[in-house]
Amino acid sequence: MNKISFSALILSGGLSSRMGEEKRLIHYHGKTQEQYLFDLLNSYCSDVYVSINQNQTTNLPHIQDLDLPIKSPMVGILSAFQKNPNMAWLVVACDMPFVDKKTIEFILQHRKPEKYATAFENPEEHFPEPLLTIYEPKIYPNLQEAVNQGKKSPMKILQSLDIELIKNFDFQWIKNINTVEERIKMNPF
C-alpha cells in the first residue's frame with residue numbers, strides 16, 4: 001500500500017498512572033511501543049508524530065500538547081489539528097499493542113473521507129473507539145467547540161456526528177493495556 005496524504009498521531013501524552021511507568025516506553029515488539037507504532041505508521045502516512053505532554057521528551061518527531069484546561073486524549077488530537085488543520089489525522093493510542101499492519105490497512109480500506117471520521121465500533125459497549133480513528137479535517141471545529149464548552153470526550157463527539165463505524169474486525173486490535181495486571185494477564189508478546 002502506498003503512502004497517502006494524511007498524518008498519523010501516536011497518543012502518548014497520558015500520565016500512565018495506573019501502569020506505574022510510561023506506556024509509550026514499554027517493549028512489546030522488541031522496541032518501545034512509541035518506536036514500534038512510529039515505524040509501523042511511517043510506512044503508510046506522509047508524516048508521523050508522537051503526542052507528548054509538557055513533561056515528556058522524545059527523539060521522534062512530536063507535537064507537544066496544548067496547554068488546555070482539560071486532561072484528555074482530546075488535547076493531543078486538538079494539538080495535531082492546530083499544527084495542520086487541513087490534514088486528516090490517523091490517531092493511535094500508545095497502549096494498544098495489538099495494532100499491526102493488518103489493522104492500519106483495514107482502517108485505511110474502510111476510510112470514508114466525506115464523513116467526519118472513520119472509527120472501529122467497540123463490540124462490548126457499541127461506541128466508536130476514539131483512540132484508533134481517522135479524524136477528517138472537517139471535525140476540527142467540532143472538537144474546538146466541545147473543548148470550549150468544557151467537554152473532553154472524543155468518543156461522545158464521534159457519537160454525535162456522521163462517521164463511518166467499522167463493525168466487523170479483529171476486536172483484539174482495539175484492546176488497550178492500562179495496568180500491570182492487564183499486561184500480565186494479556187501477556188501479548
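The values are calculated or read from the model by the stated rules, or taken from the named source; none is laboratory data. Small disclaimer: the values here were computed from a predicted structure and weren't measured. Using ideal geometry, Cβ is built from the backbone for each residue, glycine included, and neighbour counts are taken over all protein chains shown.
Below is a table of values for the structure above.
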read-out	value
Thr103 in a helix (DSSP H, G or I) and polar (S, T, N, Q)	yes
Any hit, the range 112-135, residues being assigned to a helix (DSSP H, G or I), touching a residue at least 40 places away in the same chain (Cβ under 8 Å), closer than 20 Å to Ile10 by Cβ and touching a Pro at 6+ places or on another chain (Cβ under 9 Å)	no
Test for Lys102: is it surrounded by fewer than 21 Cβ atoms within 10 Å (Cβ to Cβ) and in contact with a strand residue (DSSP E or B) (Cβ under 7 Å, 6 or more places away or on another chain)	no
Any chance Phe171 is surrounded by fewer than 22 Cβ atoms within 10 Å (Cβ to Cβ), closer than 20 Å to Ser12 by Cα and modelled with pLDDT under 95	no
Glu164 vs. criteria more than 20 Å from Ser79 (Cβ to Cβ), surrounded by fewer than 19 Cβ atoms within 10 Å (Cβ to Cβ) and of a type in the set (Asp, Glu)	no
Complete set of residues in the range 152-189 that are closer than 28 Å to Lys138 by Cβ, touching a helix residue (DSSP H, G or I) at 6+ places or on another chain (Cβ under 9 Å), touching a residue at least 40 places away in the same chain (Cβ under 8 Å) and assigned to a loop (DSSP other than H, G, I, E, B)	Lys152, Ser153, Leu161, Ile163, Phe169, Asn176
Ile63 more than 21 Å from Trp173 (Cα to Cα), crowded, with 17+ Cβ neighbours inside 10 Å, in contact with a helix residue (DSSP H, G or I) (Cβ under 6 Å, 6 or more places away or on another chain) and among the β-branched types (Val, Ile, Thr)	yes
Identity of the residue in the range 40-58, under 23 Å from Leu78 (Cα atoms) and surrounded by fewer than 17 Cβ atoms within 10 Å (Cβ to Cβ), that ends up modelled with the highest pLDDT	Asn42
Residue within the range 62-75 that is modelled with pLDDT of 95 or more, within 30 Å of Gln109 (Cβ to Cβ) and more than 12 Å from the chain's Cα centre (by Cα) present	yes
Residues of the range 40-61 classified as over 13 Å from the mean Cα position of the chain (by Cα), part of a strand (DSSP E or B) and not hydroxyl-bearing (Ser, Thr, Tyr), total	2
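Condition check ((1) of a type outside the set (Asp, Glu); (2) more than 29 Å from Ser5 (Cβ to Cβ)) across all residues:
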{"residue": "Glu145", "(1), (2)": "no, no"}
{"residue": "Gln149", "(1), (2)": "yes, yes"}
{"residue": "Pro154", "(1), (2)": "yes, no"}
{"residue": "Asp162", "(1), (2)": "no, no"}
{"residue": "Phe169", "(1), (2)": "yes, no"}
{"residue": "Asn178", "(1), (2)": "yes, yes"}
{"residue": "Ile184", "(1), (2)": "yes, yes"}
